[in-house]
Every structure is written in structure tokens, then in C-alpha cells.
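Have a look at the structure below, then the notes.
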Amino acid sequence: MSSVFKALSDPTRRRVLQLLRAGPMTAGDLADRFEVSKPTMSAHFAVLREAGLVHAEKAGKSVIYHLKLSVLEDALLGFVQSFGGAAAAPEEEPPAAAGKETTT
């Protein structure tokens, strides 16, 4: 789980994940969206792959990246559960006048 949060700690990697929500993209297309060097983007891709957040598929000379949303969901659920809670809606508060008669 810590590798997922390490990957999410960087704004560039978070933006890559946002872009991949729309669908698979090549490494080149993703890199063109950022004003950093190709080696820097390659390092970002490596962190995302190691965290299991993306899947890389070779297609000829290109590498196509796919978002693996289930890994992110699992990490976030595990994080919430580490605080002893489940991801459930908060309980409703009883009405202030419960058990009391009201007059109008």
C-alpha cells in the first residue's frame, strides 16, 4: 500500500492517472502533455508500474499505458480500514425532539 501512496504523492503522476481515466495512451502521448524530459517521464511511469497503478503494453515501438483502477480502490479501502472504520455512510442523528411531545 505504501508504494501506491508514494506514487500518488507526486502531482505529475496524479495527472498521468487522471489522463488515463479517459482511456489507454501511449507513453509518447502522455509525455507530450508535460514539460519535463522523456527520462523524467520514464521514471514517473516506472513508479506507477511498480505501484501497480498502471499496466504497460508493448505495441510495436510504442508502450501503451492502461489505468488499473482496482489497485487504487483497494489501497484507499485498506487505508480507510486501517483507521478501524469501514467506508460506510455516517449514522443518522436522532431527531432532537425524539421521545418528546411537541405542541403547535
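The values are calculated or read from the model by the stated rules, or taken from the named source; none is laboratory data. The structure presented is a predicted model; accordingly, all values stated were derived computationally and were not measured. Methodologically, a virtual Cβ is constructed for each residue, glycine included, from the backbone with ideal geometry; neighbour enumeration extends over all protein chains shown.
Data overview
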{"quantity": "Cross-chain or 6+ apart pairs with Cβ under 7 Å, the stretch 45-65 first and more than 17 Å from ALA22 (Cβ to Cβ), then part of a loop (DSSP other than H, G, I, E, B) and not aliphatic (A, V, I, L, M)", "calculated": "GLY52/LYS68"}
{"quantity": "Tally of residues being among the charged types (D, E, K, R) and over 19 Å from ASP10 (Cβ atoms) across the stretch 21-72", "calculated": "4"}
{"quantity": "Residues within the stretch 1-31 that are in contact with a Gly (Cβ under 8 Å, 6 or more places away or on another chain) and of a type in the set (S, T, N, Q), tallied", "calculated": "1"}
{"quantity": "Which listed residue, of VAL71, VAL54, VAL80, VAL36, is hydrophobic (A, V, I, L, M, F, W, C), more than 21 Å from PRO24 (Cα to Cα), modelled with pLDDT of 75 or more and surrounded by 10 or more Cβ atoms within 10 Å (Cβ to Cβ)", "calculated": "VAL80"}
{"quantity": "Scope the stretch 57-66; condition modelled with pLDDT of 95 or more and aliphatic (A, V, I, L, M); matching residues", "calculated": "VAL63, ILE64"}
{"quantity": "Qualifying positions in the stretch 18-44 - in a loop (DSSP other than H, G, I, E, B) and either within 17 Å of PHE5 (Cα to Cα) or in contact (Cβ under 8 Å) with a residue 12 or more places away in the chain (or both)", "calculated": "ARG21, PRO24, ARG33, PHE34, VAL36"}
{"quantity": "Looking only at the stretch 1-33, and only at residues there that are within 17 Å of GLU73 (Cβ to Cβ) and polar (S, T, N, Q), the one that is modelled with the lowest pLDDT", "calculated": "SER2"}
